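Report on the following structure.
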Ligand code: FAD
Ligand code: ZN
């Protein structure tokens, strides 16, 4: 609906890729609905995925022994995180919905996207123990994982070679989003676009556009161990 803010965190090197098409569809469809859409195109931004002392501007809290969590939390509090992190935190803070668009890499998100999470979701900003899970600091936001695979749908089932695709979603949906208080919408998975026919690919893209039309009516999943493992 008009006024909703969406951040698409996107990790693909090639605009003409299937992921690039999925990203563009979300951008167009949600804009058409009157949402304001921001894209963090991580490869195009050459986003730094490493957590290093360069992330802290100026003096360290403890210059004797570097501890990233401590330094990042302190730097967040005094506004001394590096600019690229602050920019992304502003986008997250403003967003009602985060869409993560990526190709599955080794049962997970590509390193550049994992690095985005590592550097942006710092303590004090995304959580602050004991404020985590349902009381995480990013509550009242939604997240949606939209990704593609090389493996087929059959391979990613309970009895299949790679196991249920939901096992893979546990670290990302529960371990990251839910941990920070973000509610999770059902994932959107395009299995093996590489091996699909042109017609099947078009159908997958249309299905994504269709889903986006009624996205704001969806209820979040019940993000608990049962959803993943039962
Ligand atoms: P593309 O190759 O870009 O797209 C497929 C086809 O769709 C292309 O021919 C493209 O031209 C076409 N296309 C693009 N846009 C359109 C359009 N609008 N209409 C019609 N056709 C279009 N897979 C797994 O399952 N598990 C893993 O653990 C895993 N680990 C990986 C690790 C690494 C390091 C790498 C590099 C790959 C891994 N893969 C894995 C495979 C990877 O997930 C797939 O290659 C990827 O998901 C495919 O998505 P893509 O966007 O790159 O596809
Ligand atoms: Zn959960």
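With the contact rule set at Cα under 8 Å and sequence spacing of 6 or more, what percent relative contact order holds for the range 21-107? Contact order relative to length: 24 percent.
Looking at the chain alone, DSSP beta bridges between its own residues are antiparallel in about 10 percent of cases. Considering only 177, 161, 109, the Gaussian network model of the chain with Cα springs below 10 Å gives its largest mean-square fluctuation to 161. Comparing Cα centroids, the range 52-82 and the range 130-182 end up 29 angstrom apart.
In this simple spin-label model, placing a label point 7 Å from the Cα along the Cα-to-Cβ direction at both residue 200 and residue 57 gives a separation of 4.9 nm. With helices as the sole contributors, the chain gives -9500 deg cm²/dmol at 222 nm; each DSSP H run of n ≥ 4 counts as -39500 (n - 2.57), and the sum is divided by every residue. For the listed peptides 6-19, 127-140, a ranking on the average number of other beta carbons within 10 Å per residue, highest first, reads 6-19, 127-140. Comparing 35, 180, 59 in a Gaussian network model of the chain where C-alpha atoms under 10 Å apart are linked, the largest mean-square fluctuation is found at 59. In the range 49-181, the DSSP beta bridges split such that about 25 percent are antiparallel, to the nearest 5. Residues considered: 107, 145, 125. Largest GNM mean-square fluctuation over the chain, using C-alpha springs under 10 Å, is found at 107.
Contact order, relative form, for the range 1-155: 30 percent (alpha carbon pairs under 8 Å, 6 or more residues apart, mean separation divided by residue count).
Taking 7 Å steps out from each Cα toward its Cβ at residue 108 and residue 70 produces label points 2.6 nm apart.
None of the figures in this text is laboratory data; all of them are computed from the coordinates on show. Because the structure is a prediction, the values reported are computed rather than measured. Backbone-built Cβ (ideal geometry, glycine too); neighbour counts: all protein chains shown.
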